[in-house]
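Structure record follows, encoded as structure tokens.
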Amino acid sequence: MTDKYLILIVLATGLVGYTNVAQAELTSLSDEALGEVKGEGIGFMLEDFAFEAGADVATGNRLDITGLTNSAGDDVVLSVSQFYIAGSGSNLGTNVIGNPVNLGRLLYPYNLELLDGDDIGIAGKAVFEFATPQRFAGNSTEKPYSLLDFNMEQRTESRYPGEQTATGRRVDSVSGVDLAALSSRASERADFGIRYDLMENGVRAQSLEAHAQGVATDGSFLRLWGDNNEMVGNLEFNFYAQDLLFFACDANGNNCGDSVQFHNFVLESQLGYGEEQPVTFEVESDGNFTIEVGSIEGKTNAFYQDFYANGPRTDIYIENVSVGGSDFGSATVSNLQIQYLRATSRDL
Amino acid sequence: MKAINRSLLLLLASPVTGFALEPMSNDDLDTVTGQGGVYLSGDLTINENGGPLNSDGPAAWQSNCTAASTDSKCGARIAVNTGSSSTGWFVLDNIRGRFSFEGLTLKTRTINSGFVGDGAQFNSEVLEVGLPNTLDYENVSLTVANSNSPRPTDVGFQQTDIFTLNINGQANLQGNLLVYPTGTP
Amino acid sequence: MKAFVALLLMTVCSVYSHAALQALSDDELSNQTGQAFLQIDRDYAGSVSFTKFTFGMDVDLSINADLVELGRYERAGEAAGSSDIRINDFALGSVNNDGTLNPFSIHDPFFELAFETVNGKEQLVGVRLGFTEAFGKLSGNIESLTGNIEVALYGQGSYLATQMDCAWYDLICAGAKGLVSGAWGNDEFSAQAVLVNPNNGQADPIRATHIGMTNGSTLSIPSSSSFTNFLLGIFQSDNCDLLSTQTCFPLSNYRTLDIGNVDTGEYASGMFISFQSKSISWIDNGQGTPTTSGAFMNIPNGGIRTSFPEAFNGTERIRTKFLDPYYD
């Protein structure tokens with residue numbers, strides 16, 4: 001992921017035309033150069049924006065993901081028959097062009113910036129940051145600002161029935177979703193969606209649709225810096241959707257079934273904790289890739305106290321799941337902290 | 001070198017300026033109010049037909065590079081080493097096809113109103129990139145992969161293709177990209 | 001801004017390009033392209049069809065979460081405010097005494113959708129996230145669980161006898177206790193325990209709070225003769241009681257569960273969390289796992305082995321944080 005970003009930078013500089021082998025790394029800045037880092041950035045937003053691709057397959061339009069197989073080795077193609085980004089009221093992708101949305105706000109735009117690492121716990125480094133529109137405090141009393149209001153409980157548990165007990169404050173439940181923390185106003189929350197067909201051995205097996213309505217990613221960022229000749233990063237990914245809808249249709253895209261609907265979906269995920277817990281992406285010599293969220297083994301007690309109280313966490317909340325008029329209630333994963341994660345790809 | 005087998009044509013033209021040059025009257029000049037801006041059309045073709053070396057180059061470079069071909073000699077390749085401690089390469093491979101658009105505009109614009117109340121407070125200049133209404137793709141493809149070496153011609157080359165993206169036809173879009181400095185200088 | 005441009009320039013400058021014309025042999029041009037790491041499979045079982053996305057990945061992780069709760073809605077016959085699945089202080093992986101991590105290990109995670117054609121319409125009826133194989137410590141205070149967790153209970157007769165509380169007049173019980181502590185004292189007993197209703201001993205896969213032996217299930221000694229097992233078969237668990245031995249236990253007794261076989265290092269297959277709008281069977285290796293509507297967690301048979309002492313006393317929560325409130 002981080003390297004994709006690097007590629008974007010390379011692309012942006014126009015060098016791609018004659019660059020065949022790129023070895024790019026972020027090197028440390030001298031103190032002098034660091035002194036020039038003053039929190040200036042490039043803001044951007046999309047005004048009256050709408051986008052639609054893959055639609056109108058009948059006239060030869062195509063957006064296919066190929067190179068996939070099933071376990072028997074037969075070719076499988078994910079054929080996208082529509083991908084769109086539009087304003088609210090897109091009506092599941094039927095009202096896209098002519099129904100635009102502002103992505104980002106003039107006063108709270110998307111932002112590219114070179115930060116002084118000293119300010120964000122990455123000492124002595126210049127840190128490249130891509131950030132989405134910022135968040136407001138809302139009901140939060142400290143950063144990072146959350147959309148979720150929690151009922152906390154003081155809980156006394158033992159690690160063994162009848163044995164030593166411990167008391168601590170834990171999340172008991174989510175009490176509400178606080179949209180006041182979003183800088184994006186309702187009219188600046190996009191609809192987007194994808195319709196795709198699954199083809200197995202050249203035969204269209206089924207059609208699936210996923211639509212997101214009222215989406216905001218406020219408060220997300222990707223930070224990259226160089227460490228030991230390696231690019232490392234931290235990521236905060238925030239995603240709010242008023243509604244997520246999933247449904248299936250027959251192979252011809254007709255006879256669609258009921259929607260599985262997630263109402264008020266909130267994902268807030270922080271990966272990595274400054275330079276103490278970097279996130280890396282590497283490709284091994286055997287051609288497989290590894291994504292790692294660094295281990296926090298062997299740190300000081302002071303670090304652990306800070307990590308468990310203020311460290312990176314992930315919260316996922318769905319206020320209500322419903323299928324065809326039946327409600328299946330809320331789902332919550334709260335204060336999930338990653339002490340270590342290493343995922344390596346391998347051939348199936 | 002694989003890249004040599006790939007042609008890259010980048011054509012940027014400004015086709016709206018189809019006027020003969022002639023002196024303007026004073027009256028006419030009065031109506032000119034600084035309509036700055038650039039109108040761009042773009043056409044980018046990568047190795048659509050295999051590139052010049054495919055027909056004139058050494059035999060080793062010649063192969064069938066039709067749209068259906070998956071020959072690894074076809075298409076551009078970008079390989080990025082992922083750091084000193086790793087020996088593998090993240091690869092965008094088999095990049096080819098034709099991508100074109102017409103009507104991308106560039107101009108500066110002062111915003112001091114609108115934007116649901118943000119404009120007046122913003123009161124500043126932006127660079128406005130007017131997005132073209134359509135993007136045309138002609139058999140554009142690229143493969144996302146991981147490899148143990150930068151070039152497929154390296155000894156012991158091994159690569160894991162993750163997926164290939166194929167795009168053909170038209171994408172529709174509208175809107176402006178606004179770019180401006182932020183932060184406190 | 002200047003610095004930003006400098007950064008871009010640095011990025012650009014460190015890019016170098018190789019472009020040298022040289023003839024290549026056909027051998028050098030031959031490449032070996034590995035398989036993709038994502039597989040998409042379609043499968044069918046009766047009226048239900050499945051689409052499964054399997055990612056070829058080995059994942060090691062160590063995580064803690066305050067709360068994992070799925071399907072919190074009012075459900076007929078269940079306590080108000082309860083959930084299909086609710087686990088507090090959830091953790092995967094553990095921290096060793098020497099301060100090193102012992103990660104939870106996952107092979108080939110997958111994501112699967114289930115469809116059914118109802119009245120001519122293609123209905124999306126289920127979704128699940130699973131691990132083709134998993135191994136490691138799963139910790140948590142399980143408040144309620146909807147699912148299919150079968151536990152193999154095992155233990156020596158001599159221990160079991162200490163848990164038998166025979167009334168003075170119950171001669172059958174006293175006789176059995178004599179056998180269990182004497183002739184069968186060194187034999188390993190086993191029994192299948194599943195999610196159960198502690199009030200009546202019936203299987204209860206929905207919002208269960210207890211695990212144990214259902215009515216009619218028996219103890220056996222796998223290594224012993226069929227006659228011995230015939231004798232044991234006479235004694236059946238009834239209403240969470242077998243020969244005055246308690247056979248149902250609160251799920252919250254089990255603070256840490258071993259996923260996979262600790263003795264052999266064998267990974268457990270088929271561990272998943274799913275959500276479905278109706279009862280459907282998910283297929284793994286040709287075997288169906290029936291589920292109920294709502295949220296569901298499956299740990300396949302043999303995935304958890306718990307000894308009788310653990311069953312009676314519970315299993316101790318392992319250390320899962322470097323500063324662990326359970327251990328301070």
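In table form, for the structure just shown:
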{"read-out": "Alpha-carbon centroid distance for the pair region C:153-186 / region A:234-253, whole angstrom", "value": "57"}
{"read-out": "Cut-off under 5 Å, modelled amide H: who pairs with A:LEU271 long-range", "value": "A:LEU235, A:GLU236, A:PHE237"}
{"read-out": "Contact surface A-C: accessible area buried, both sides summed, square angstrom, 1.4 angstrom probe", "value": "7600"}
{"read-out": "Cross-link partners of A:LYS125 among aspartates and glutamates (Cα-Cα below 17 Å; sequence separation of 8 or more within a chain)", "value": "A:GLU25, A:ASP31, A:GLU32, A:GLU36, A:GLU40, A:GLU113, A:ASP116, A:ASP227, A:GLU230, A:GLU275, A:GLU276"}
{"read-out": "Candidate aspartates and glutamates for bridging to A:LYS143, where Cα separation is under 17 Å - those fewer than 8 sequence places away on the same chain excluded", "value": "A:ASP119, A:ASP178, A:ASP218, A:GLU236, A:GLU268, A:ASP306, A:ASP315"}
{"read-out": "Candidate aspartates and glutamates - alpha carbon under 18 Å from C:LYS121, same-chain residues fewer than 8 apart omitted", "value": "A:ASP197, A:GLU209, A:ASP250, A:ASP258"}
{"read-out": "Mean separation of Cα contacts under 8 Å (6+ apart) over length of chain A, as relative contact order %", "value": "14"}
{"read-out": "Alpha carbon centroid spacing (whole Å) that separates region A:267-297 from region B:138-172", "value": "24"}
{"read-out": "Average accessible surface area per residue within region A:2-344, 1.4 Å rolling probe, Å²", "value": "40"}
{"read-out": "Net charge, A:MET199 excluded, C-beta distance under 12 Å - Lys, Arg +1, Asp, Glu -1", "value": "-2"}
{"read-out": "Rh (Kirkwood; distinct C-alpha pairs) - chain A, Å", "value": "23.2"}
{"read-out": "Low-density loop cleavage sites - GluC sites (Glu not before Pro) in region A:119-211, where at most 13 other Cβ are within 10 Å (DSSP)", "value": "A:GLU142, A:GLU163"}
{"read-out": "Cβ-based net charge around C:LYS278, under 12 Å, with every Lys or Arg adding one and every Asp or Glu removing one", "value": "-2"}
{"read-out": "Heavy-atom accessible surface that B and A bury in contact, both chains counted, 1.4 Å, Å² to 100", "value": "5000"}
{"read-out": "B/C buried area, accessible surface, summed, 1.4 Å probe, Å²", "value": "1500"}
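The values are calculated or read from the model by the stated rules, or taken from the named source; none is laboratory data. A quick note: this is a predicted structure, and the numbers were derived from the prediction, not measured. Note that each Cβ is placed from the backbone with ideal geometry, even for glycine, and that neighbours are counted across all protein chains shown. Surface areas here come from the heavy atoms of the whole protein model, side chains and all, with no ligands, DNA or RNA. Shrake-Rupley method; radii C 1.70, N 1.55, O 1.52, S 1.80 Å.
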